[in-house]
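*Asks:* Take this structure first; my questions come after.
Please treat every number below as a calculation from the coordinates, not as lab data. In this text the structure is predicted, and so the values were computed from the model without any measurement. Methodologically, a virtual Cβ is constructed for each residue, glycine included, from the backbone with ideal geometry; neighbour enumeration extends over all protein chains shown.
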Amino acid sequence: MREFIQKESRTGTPRVWRISRNGAKVTISHGQEDGQFQETSRVCQPVNIGKANEKNGEVTAQEWMDRQILLKTRKGYREVGVETVSRTEIDFEDIPDNVRFWKPQNSMNKYVEKLIGEKKAWWVRKRDGMMHAILCDKKGEFHMYSSTMQPAHKNEPEIPWLDRYPAIAAALDTMNIPPNSILLGELVAVIGEDEHGFQTEDLETVATIVKAKTELSLERQQEYGSPWFVLWDIPFWSGNPWDRIASTENRLRYIHKLIKDYQPEFITHPEVFYFKDGKGCCLMPDGSDAEIDFDGSHEEAIELAKLLGWEGFVVHDPEGMFGDKAVSFRGKADRPKYVVKVKPKLEADFCVRWDPNNGVGTWGKGKKAGGVGSVFAYLWNSDTLQWKYVSKIGGGLTEENVRGFANTALYPAVWQVEFASWTDKGSIQFPEFIRTRDDKTPEECSVEQMPQELR
């Protein structure tokens with residue numbers, strides 16, 4: 001048995017997590033130190049039977065166990081009896097892998113709702129890309145990290161991220177970023193510009209660039225162009241914790257000034273809409289402040305997002321400062337009340353399963369006969385180590401999907417799903433399949449995507 005402890009838990013009471021394997025069975029127990037423990041187990045099945053890459057249950061169990069350990073260590077757990085250095089601060093030599101920066105809340109809260117009603121909110125365009133962080137270390141050298149603070153592709157740990165994005169690396173060198181600074185942003189694939197001068201983007205394209213190994217990634221950039229880094233926050237600047245001491249408006253305006261002063265190619269900032277002195281304004285990526293037809297209301301923001309084809313907005317209190325919620329060392333991001341994600345429709349990633357002969361999901365009927373009718377969708381609760389059933393999903397599937405997805409060997413899978421709303425019972429209304437996500441594991445489909453009161 002291997003035992004891990006998380007001393008930096010939110011409650012202040014250390015949490016203990018234990019895992020062991022006996023053949024194909026993995027057993028996990030967890031609880032507060034000196035308290036009662038909950039226990040769960042999983043029997044792993046063979047995969048790819050009869051194929052060259054066949055794995056028996058013991059092998060799949062060990063792989064699953066190793067994955068769970070990796071996820072826990074990224075959340076700040078450290079193995080008992082194994083000497084490690086507990087990282088609870090950023091020293092600017094690197095970014096510890098248990099660090100997570102703030103995230104917006106997924107559902108509207110009363111604080112932001114009141115702010116919107118008073119037309120004081122700032123509406124920041126939500127870009128459709130993949131979050132990354134950039135560190136300018138003590139020596140002034142740049143390092144890029146993934147959303148889980150990994151410094152390189154999992155299959156190429158010896159090649160830093162920026163080696164595969166030479167255009168972004170070159171742009172950073174032109175911006176005079178001081179040592180001991182961290183930039184947060186989104187990698188996006190820009191495929192054009194609309195009639196209003198806003199960039200258009202494609203998530204599938206940037207995913208193929210990010211997920212590929214370096215050689216293939218560079219080839220794809222030759223074909224599609226370099227991804228852009230959309231800079232949406234500066235949590236540290238020259239060693240100063242800006243998310244703690246500077247307002248959101250001041251940080252966003254400074255980012256705006258950086259882009260305006262240096263005009264770096266392949267680095268930009270998101271558009272920001274706000275209402276002030278009786279008129280609508282937009283901070284544009286080209287460094288200008290444009291006057292727009294916008295009254296600051298929730299309804300008009302949603303209509304604008306639909307009109308422009310945007311994923312949505314991250315709504316901020318411009319005077320908000322994130323304090324101790326700016327940076328977490330628990331491997332899990334905090335969500336300040338001052339910032340909320342708003343989309344024309346809600347969207348989440350779910351672990352989906354389909355085995356209709358055993359009561360999981362359904363076969364299609366009529367024209368869909370012999371194919372997928374619906375899958376069952378779940379979210380993972382890392383505290384209880386249990387899957388939470390959410391809903392059936394069958395909408396949005398093309399005829400090709402219905403046939404192509406009718407193979408139990410493809411599951412569990414991760415689907416990105418669009419839906420109208422959450423119900424009071426924790427289900428989703430009018431779900432529609434968008435795409436599969438190969439860049440995410442089922443266990444990363446977390447209940448954190450649900451409103452707090454439904455988890």
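*Asks:* Only residues that are small (Gly, Ala, Ser) and under 28 Å from Ile209 (Cβ atoms): list them for the range 225-270, please.
*Replies:* Within the range 225-270, Gly225, Ser226 qualify.
*Asks:* Restricting to the range 311-337, what's the tally of residues that are in contact with a Gly (Cβ under 6 Å, 6 or more places away or on another chain) and at positive phi?
*Replies:* Number satisfying all stated conditions: 1.
*Asks:* Please find, within the range 385-415, the residue that is farthest from Glu444 (Cα to Cα) out of those that are out of contact with any Leu (no Cβ under 9 Å at 6 or more places or on another chain) and assigned to a strand (DSSP E or B).
*Replies:* This residue is Gly395.
*Asks:* Could you list, in sequence order, the residues of the range 17-31 that are without any contact (Cβ under 8 Å) to a residue 40 or more places away in the chain and either loosely packed, with under 14 Cβ neighbours inside 10 Å or closer than 16 Å to Val59 by Cβ (or both)?
*Replies:* Passing the criteria: Asn22, Gly23, Ala24, Lys25.
*Asks:* Additional query: Could we say that Glu299 is surrounded by fewer than 21 Cβ atoms within 10 Å (Cβ to Cβ) and not in a helix (DSSP H, G or I) here?
*Replies:* no
*Asks:* Here is a follow-up. Taking the options Val210, Val230, name whichever one is among the β-branched types (Val, Ile, Thr) and assigned to a helix (DSSP H, G or I).
*Replies:* Val210
*Asks:* Still on this structure, please answer the following. Pull up the range 238-282, narrow it to residues that are in a loop (DSSP other than H, G, I, E, B) and of a type in the set (Asp, Glu), then point me to the one that is surrounded by the fewest Cβ atoms within 10 Å (Cβ to Cβ).
*Replies:* Top of the filtered list is Asp277.
*Asks:* I would also like to ask the following. Which residues, taken from the range 185-204, are under 23 Å from the mean Cα position of the chain (by Cα) and either under 20 Å from Ala169 (Cα atoms) or among the small types (Gly, Ala, Ser) (or both)?
*Replies:* Within the range 185-204, Gly185, Glu186, Leu187, Val188, Ala189, Val190 qualify.
*Asks:* Return the residues of the range 359-368 that are surrounded by fewer than 18 Cβ atoms within 10 Å (Cβ to Cβ), in contact with a strand residue (DSSP E or B) (Cβ under 8 Å, 6 or more places away or on another chain) and outside any loop (DSSP other than H, G, I, E, B); say none if nothing qualifies.
*Replies:* Within the range 359-368, Val360, Thr362, Trp363 meet the criteria.
*Asks:* Looking only at the range 369-382, count every residue that is in a loop (DSSP other than H, G, I, E, B) and touching a residue at least 60 places away in the same chain (Cβ under 8 Å) and tell me the total.
*Replies:* Counting residues in the range 369-382 that are in a loop (DSSP other than H, G, I, E, B) and touching a residue at least 60 places away in the same chain (Cβ under 8 Å) gives 1.
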